[in-house]
1. Given the stretch 1-79, what strands (runs of 3 or more DSSP E) lie entirely inside it while holding 3 or more residues that are out of contact with any His (no Cβ under 6 Å at 6 or more places or on another chain) and closer than 23 Å to P142 by Cα?
2. Enumerate the pairs (first residue in the stretch 7-27 and without any contact (Cβ under 8 Å) to a residue 40 or more places away in the chain; second residue anywhere and among the polar types (S, T, N, Q)) with beta-carbon separation below 8 Å, excluding pairs fewer than 6 apart on the same chain, so at least 6 apart or on different chains.
3. Name every residue in the stretch 62-92 that is crowded, with 18+ Cβ neighbours inside 10 Å and among the charged types (D, E, K, R), in order of residue number.
4. Restricted to the stretch 1-45, and to residues that are among the β-branched types (V, I, T) and modelled with pLDDT of 95 or more, which residue is nearest to the chain's Cα centre (by Cα)?
5. Could you tell me which of the residues K121, K95 is surrounded by fewer than 17 Cβ atoms within 10 Å (Cβ to Cβ), free of Cβ contacts under 8 Å to residues at least 12 places away in the same chain and within 11 Å of the chain's Cα centre (by Cα)?
6. Tell me, yes or no, whether the stretch 28-41 has at least one residue that is over 30 Å from L6 (Cβ atoms), surrounded by 15 or more Cβ atoms within 10 Å (Cβ to Cβ) and among the β-branched types (V, I, T).
7. Return only the number of the condition from (1) closer than 24 Å to N9 by Cα; (2) assigned to a loop (DSSP other than H, G, I, E, B); (3) at pLDDT 95 or above that A135 does not satisfy.
Amino acid sequence: MNKTFLAKNEGITRKWFLFDAENQVLGRLATRIALILRGKNKPTFTPHVDTGDFVVVINAEKVHLSGRKPENMHYNSHSGFPGGFRVRTVQEVLKKHPERVLEHAVRGMLPKTTLGRHMFKKLKVYAGAAHPHGAQKPVVLP
């Protein structure tokens, strides 16, 4: 009889992956990143254990949004005070904080639990081509 394998926190080895977001479609890139952050690309995937790897994304300012999404898609936020409701288009957010667009897309694809918040901390997004994670020797993924 075969026994089910359950990963434990002690035996997990984490790799570093590098994505170049230049001319990549936002949603398709975000799904690939979320898959690696969760660890679903490994045969040792266990739903209740964080088996995922670290992901570094460069050139987030050059991510591609298809169709009329730059004008029509928007983010809502509220400060909690009366009259504090703000609506920003993706175009505005890309100009000011380009890394937040990709972070928002990936966060929505991860579990909404403490485990999902822990997985999200392994995502490092940078607007330009430079990143400080060269010592980890990240594997470049297309």
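The values are calculated or read from the model by the stated rules, or taken from the named source; none is laboratory data. Here the structure is a predicted model, which means the values were calculated and not measured. Note that we place each Cβ from the backbone using ideal geometry, even for glycine, and neighbour counts take in every protein chain shown.
1. Numbers: elements: 16-20, 54-58, 74-78.
Result: 16-20, 54-58.
2. Hits for this filter: I12/T44; I12/T51.
3. First, pick out the residues of the stretch 62-92 that are crowded, with 18+ Cβ neighbours inside 10 Å: 63, 90.
Once the filter is applied, which keeps residues that are crowded, with 18+ Cβ neighbours inside 10 Å and among the charged types (D, E, K, R), the stretch 62-92 yields nothing.
4. Start the filter on the stretch 1-45 by keeping residues that are among the β-branched types (V, I, T), which leaves 4, 12-13, 25, 31, 33, 36, 44.
Now narrow it down to the ones that are modelled with pLDDT of 95 or more: 25, 31, 33, 36.
Numbers: V25: 13, T31: 8, I33: 5, I36: 9 Å.
Top of the filtered list is I33.
5. Values: K95 fails: within 11 Å of the chain's Cα centre (by Cα).
Criteria check complete, one pass: K121.
6. Step one: list which residues in the stretch 28-41 are over 30 Å from L6 (Cβ atoms), which gives 28-29.
Going one step further and asking which of them are surrounded by 15 or more Cβ atoms within 10 Å (Cβ to Cβ), we end up with 29.
Now drop any that are not among the β-branched types (V, I, T), which leaves none.
Taking every residue of the stretch 28-41 in turn, none turns out to be over 30 Å from L6 (Cβ atoms), surrounded by 15 or more Cβ atoms within 10 Å (Cβ to Cβ) and among the β-branched types (V, I, T).
7. Here A135 meets the rest and fails (2).
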